[in-house]
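The values are calculated or read from the model by the stated rules, or taken from the named source; none is laboratory data. Remember, predicted model here, so these are calculated numbers, not experimental data. Note that each Cβ is placed from the backbone with ideal geometry, even for glycine, and that neighbours are counted across all protein chains shown.
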Amino acid sequence: AEAVKEEREHLLQDLEQLREEVIGNLIITASTIPGDFILPSIVSEFKTRHPAIGIQVVVSDSAMVITGVKSGAYEVGFCGMAPEGQELELFKIAEDEIVLIVFPEHPFACRQEVSFMEVAGEPLIFREETSGTQRNVESLLLKAGFNLGQCKPTLVLGTTESVVSAVEARAGIAFVSNLAIKKSLALGLVKVVGVEGLTFGRDFFCIYRKERMVSRLLGEFITFVRARASKL
């Protein structure tokens, strides 16, 4: 009788633990920079806290991230552009700086700053038009009176990593996220050069749909990300 009682108590404890445990699968969409350099540590820590959950991160460009969350294909997204309209909730999770990089033998490499007109005369490597990095660069330059759209790129590539690799291969120069070049800088494969009178700061955002009810898993994840972001 005592053994049955103990077994019953263990079963009740297990059921209580199951009720308290966060379960389910979370599919996240993210643009290249947060997907590659910000989210890995976030999802790893969240997974450690909630080992019963499954997490998948689908990396795309910022425009596709926003579209995917708006359509309901994904519950939550991370990108470098603030979505337009009132359909989505958003909050800032990180800050970034977009920098101009050149290969070590480039004439700009020994200079601290160059003018935008000098940059415009060089072979430029772009991200695709729907990239948050590309749109941020174009917008910031336009505010300063420069139209990057008038520059003809020597290459248009689909990821920041491929852009950095192309600069390392001496195919041209490029504007990229500071987060994406730490290893290349440390190895001396690229150099950062300032552009006179310009600072390319931007934010990354967590976005999700405005809904009355969210799953417990999504609610816990958003709360966790907000807490991390508040410590920036």
Residues of segment 104-141 being charged (D, E, K, R) and either touching a Cys at 6+ places or on another chain (Cβ under 6 Å) or not in a helix (DSSP H, G or I) (or both), which ones?
105, 111, 113, 122, 127, 128, 129
Would you be able to say whether some residue in segment 71-84 is over 11 Å from residue 208 (Cα atoms), touching a strand residue (DSSP E or B) at 6+ places or on another chain (Cβ under 6 Å) and of a type in the set (Ser, Thr, Tyr)?
no
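Per-residue answers, yes or no, for (1) touching a residue at least 40 places away in the same chain (Cβ under 8 Å); (2) in a loop (DSSP other than H, G, I, E, B); (3) over 25 Å from residue 176 (Cβ atoms):
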| residue | (1), (2), (3) |
| --- | --- |
| 48 | no, no, yes |
| 51 | no, yes, yes |
| 59 | no, no, no |
| 64 | yes, no, no |
| 67 | no, no, no |
| 70 | yes, no, yes |
| 77 | yes, no, no |
| 85 | no, yes, yes |
| 90 | yes, no, no |
Which of the residues that make up segment 194-220 are at pLDDT 90 or above, β-branched (Val, Ile, Thr) and under 19 Å from residue 138 (Cβ atoms)?
195
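Please state which one of 68, 85 is among the small types (Gly, Ala, Ser), surrounded by 13 or more Cβ atoms within 10 Å (Cβ to Cβ) and not assigned by TED's automatic domain parsing to the domain that holds residue 148.
68
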If only one of 177, 139 is small (Gly, Ala, Ser) and modelled with pLDDT under 90, which one is it?
139
Quick check on segment 212-232: of everything there that is part of a loop (DSSP other than H, G, I, E, B) and out of contact with any Asp or Glu (no Cβ under 9 Å at 6 or more places or on another chain), which residue is surrounded by the most Cβ atoms within 10 Å (Cβ to Cβ)?
230
Would you confirm, using the coordinates I've provided, whether residue 158 is at positive phi, in contact (Cβ under 8 Å) with a residue 24 or more places away in the chain and not aliphatic (A, V, I, L, M)?
no
When residues of segment 146-179 are filtered for being aliphatic (A, V, I, L, M) and assigned to a helix (DSSP H, G or I), how many remain?
6
In segment 59-72, which residues are within 30 Å of residue 21 (Cα to Cα) and in contact with a helix residue (DSSP H, G or I) (Cβ under 8 Å, 6 or more places away or on another chain)?
59
